[in-house]
Amino acid sequence: MDFSLTLIALLYCCVLILCLPGFAAELTPNSSKIQGQNSNSEMEQFEGERRQMVEYQIRARGIKNERVLAAMSQVPRHKFVDSPWKDFAYSDRPLPIGHQQTISQPYIVAYMSEAADISQEAKVLEIGTGCGYQAAVLGEIAKQVYSIEIIPQLAQRARRTLNQLGYENIEVKTGDGYQGWVEHAPYDAIIVTAAPEQIPQALIDQLAIDGKMVIPVGTWYQEIVVLTKTEDRIVEEKTIPVRFVPMRRKLLKW
Ligand code: SAH
C-alpha cells in the first residue's frame, strides 16, 4: 500500500516537472531557439546577397577603395527598407523609402563614398538622410557623421534604425540642408544625396580646406560634381550622370 502511494507521488512529480516552462519551451516549435535559427538563416541569405552585390555591382564596376568595399559588405541594407522591398535590398536599383523618396542604388552609394576620399579620422556631413543607409556606410568609414533630413518622419525612422544597429557615431537632425550644420563645421567631407540646381554656398563655406564635397547638381539632367576646396580656390569636376530626388527649399508639412 505504502509502495503504491510512493509510486503515484513520484509520477505526479514527473508530470509537474515536464510541465515547467523551461521544458515546454524546449519542446514547442515556437521556442526562441528555433526563431533564432530562422533569423540566422535569413542573415546568412542576406550576407550572401551582400557579398555578391559588392563583387558584381561595385568592385566589378571599378570601385577600389577597400574601406568603402568593407563598409558596403558590413551594412545590412535590408534593415533600412520596408518589408515589401527587403528581397530587393541588394539588387542593382534604387528603392522606395516612403514619402516619395528613394534610397540610391548600391553602386552610387559606393561611388559617392569613394569620391569623397574619407579618412578614418574624418568628420562628415550628409545632406538627405532618407532611410539612413548612406549615413551608416559613412559611419563605417569615418570617425563622426552628421546627417540632415528635411522630412521629420524619415529623420525619426533613420535615427531608430541606426540606433538599433548600434551606430554611436552618427547624429541625425531634422532640418534644411541648404543651411548645412554650422555648429559642427568645418567638415572633411560633405555628401549630398538630393539634387540642388546649384551648389549651396553655405555648404562650400562649411567644408574644410582640402575637403571634398560630392553632390548631384541639376534638374532633369544631373551630374555628380566633386568639389575640392584648397587654400585659394574651389575646383569642380563633373563626373557621372545621375537621377536624384530634388533638394527641397522648404520644410514641408507631411
Ligand atoms: N541618403 C539617403 C537617400 C536620400 S533620398 C539614403 O541613404 O536613404 C534624398 C533625401 O533628401 C530625401 O529623404 C529627402 O527628403 C531629403 N531632402 C530633400 N531636400 C532636402 C533638404 N533641403 N535638406 C535635407 N534633406 C533634404
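A short reminder: the numbers here are calculations on the coordinates, not readings from a lab. Everything numeric in this text was worked out from a predicted model, so none of it was measured. Don't worry about glycine lacking a Cβ; one is built from the backbone with ideal geometry, like all the others, and counts go over all protein chains shown.
A few notes on this one:
- Ignoring lysines fewer than eight residues from residue 123 along the same chain, the ones with Cα atoms less than 25 angstrom from its Cα are 64, 79, 143, 173, 212, 229, 238.
- Per-residue Cβ neighbour rank within 10 angstrom, fewest leading, 244, 88: 88, 244
- Spacing of the modelled spin labels on residue 219 and residue 117, each 7 Å from Cα toward Cβ, amounts to 3.3 nm.
- Listed values for region 126-133 are Karplus-derived 3J(HN,Hα) couplings in whole Hz (6.51 cos²θ - 1.76 cosθ + 1.60, θ = phi - 60°), namely 10, 10, x, 4, x, 8, x, 5, and x replaces Gly and Pro.
- Using a Förster distance of 22 Å, the FRET efficiency for residue 182-residue 143 (Cβ separation, nearest 0.05): 0.70
- Hypothetical label at residue 153: residues of region 75-118 whose amide nitrogen lies under 20 Å (7 Å Cα-Cβ projection): 79-86, 95-104
- Global form of region 110-254, assessed from the alpha-carbon gyration tensor, a/c cut-off 1.5: oblate
- Shown is the FRET efficiency for residue 82 and residue 233, computed with R0 = 41 Å from the Cβ-Cβ distance and rounded to the nearest 0.05: 0.40.
- Between residue 160 and residue 209, the modelled labels are 4.5 nm apart [label points 7 Å from Cα along Cα→Cβ].
- Furthest towards positive pole of dipole, 228, 166, 125, structure part region 92-242, Cβ charges: 166
- Anisotropy class of region 126-169 from Cα gyration tensor, a/c 1.5 cut: oblate
- Loop GluC sites (Glu not before Pro), region 153-254 (other Cβ atoms within 10 Å of the site Cβ: 13 or fewer; DSSP): 168, 197, 231
- Mean sequence separation of contacting Cα pairs (under 8 Å, at least six apart), scaled by the length of region 92-242, corresponds to a relative contact order of 18 percent.
- With the simple spin-label model, which puts each label point 7 Å out from Cα in the Cβ direction, the residue 171 to residue 91 separation comes to 3.9 nm.
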